[in-house]
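So the structure is just underneath, and the comments pick up after that.
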Amino acid sequence: MRVDWHVVKRTVRCATPAMVILGLLGATGGAGLVPDDAPLSSWLPDGALSQAFTAQVAAEICRDHLFDASLEPIALPAGYRLLRAAELAEGDPAMAALLRLHPQARDHAVGSLCAMSVGRFVVDGTQIRSPVPVAFWWARVEGAARAPLAAAVQWVQLGSWYPKGTGAEALIRQTDPMARFTDLEVDPVSPETWRLRLQLDGETVSATIRLTSPGKPSKAVGPQVMAVPMSGEAAGFYSVYAYRGHWSRPAQGHWQAQAGGRFGRSFAVEAPGAPLATLFQQSWSAQSGLYRLP
């Protein structure tokens, strides 16, 4: 679960104070009274349809990118829209420089494709076999003033993938209605190198990631909370994540995808020193809850 986006870190912070987010979500029970060392489930609003616990994350690898949403219309929750790269460039000189090199991408949306190696994944009390690779695709959104949870939301989930053969497909869909099952690998090659492979319809994404220096812990004090609505057939749902313990490591990634595919087109929009980069995080834990949009 992405918490420090290179592409927008100068303009938007994802780490909103937990009790502020919980207040926007209408949580009961006094979020401000929950001690920082309380179980992460204590930070979730009441009424979750399902809960999942993620821990022992050996790697979370994300690739920022711009994509042309007009090529494949995306059904977002009512009142939400994808943010344009040109809008984010107004407060981000690096993004503005990128768009000068790729002016055709000014109206593109801003996303990140992430893949993780998870050592412990528990859904509604049942542990899924581990380690389990997980991949997800998020994008920056903005909600109209009256959109459900608009003030608490900065990202939307556009896709999520899990490996075939877990034997827990129904359980996973119970906590992630967008879950798809495919060939997915996220593996260490050495202590400083990771490789990933994600098979999509008509496209395979692969990457080699090299870690370039030691990690640093997050400076956040106490747990953080974020809300992420879903899209497509699951646009009536959203997830709330309570998380802590992120460590970040500088990394360089070599990413590949078919030239005519969704991510192949997106990865082609880059330039030296641009804000679109590879992010590597690890060691965090999170409790998530699935809810229906009001």
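The values are calculated or read from the model by the stated rules, or taken from the named source; none is laboratory data. Owing to the predicted nature of the structure, the values given are computational and were not obtained by experimental measurement. A quick note on method: Cβ atoms are made from the backbone with ideal geometry, for glycine too, and the neighbour counts reach across all protein chains shown. Please note that ligands, DNA and RNA were not included when accessible areas were found on the heavy atoms of the full protein model with its side chains. Shrake-Rupley method; radii C 1.70, N 1.55, O 1.52, S 1.80 Å.
Observations, loosely collected:
- Computed over the stretch 132-207, Kirkwood Rh from alpha-carbon pairs, angstrom: 14.5 Å
- Segment ARG81..ARG100, full-extension length gain: 4.5 nm, with 0.36 nm per residue of separation and the alpha-carbon distance subtracted.
- Rounded accessible area per residue of the chain, 1.4 Å, Å²: 44 Å²
- Phi-based couplings in Hz for the stretch 208-223 (Karplus 6.51, -1.76, 1.60; Gly and Pro marked x): 10, 10, 10, 7, 10, 6, x, x, 10, x, 4, 8, 4, 9, x, x
- Charge dipole (the chain, unit charges on Cβ, about Cα centre) - positive-most of LEU88, LEU71, CYS114: LEU88
- Within the stretch 40-64, backbone nitrogen closer than 11 Å to the virtual label 7 Å beyond the Cα of SER130 toward Cβ: 53-58
- Residue (of ALA168, CYS62, GLN157) at the positive-pole extreme of the stretch 29-176, dipole from beta-carbon charges: ALA168
- The gain in end-to-end length when the GLN199 to LEU71 segment is fully stretched comes to 44.1 nm, 0.36 nm per residue minus the alpha carbon separation.
- About its Cα centre, the dipole of the chain is roughly 360 debye, where the only charges are +1 on Lys and Arg Cβ and -1 on Asp and Glu Cβ.
- Over the stretch 144-279, the Kirkwood radius and the radius of gyration, each from Cα atoms, give a ratio Rg/Rh of 0.98.
- Length-normalised contact order of the chain in % [C-alpha pairs under 8 Å, at least 6 apart]: 25 percent
- Each eigenvalue of the Cα gyration tensor of the stretch 90-220, multiplied by 5 and square-rooted, gives one semi-axis; in descending order these are 29, 22, 17 Å.
- Cα-Cα P(r), the chain, percent of pairs per 5 Å interval: 1, 5, 12, 17, 19, 19, 15, 8, 3, 1, 0
- Mean separation of Cα contacts under 8 Å (6+ apart) over length of the stretch 142-294, as relative contact order %: 21 percent
- Shape annotation for the stretch 62-164: C-alpha extents along the principal axes are 47, 34, 26 Å, from largest to smallest.
- Debye, to nearest 20: dipole size of the stretch 169-267, +1 on Lys, Arg Cβ, -1 on Asp, Glu Cβ: 500 debye
- Taking other residues whose beta carbon is less than 11 angstrom from the beta carbon of GLY79, and scoring Lys, Arg as +1 and Asp, Glu as -1, yields +1.
- Accessible surface of the chain, 1.4 Å probe, proportion on carbon and sulfur as whole %: 52 percent
- Volume of the Cα convex hull of the stretch 216-294, divided per residue and given in Å³: 149 Å³
- Taking each residue as 0.36 nm, the span from LEU293 to ALA145 lengthens on full extension beyond its C-alpha to C-alpha distance by 51.8 nm.
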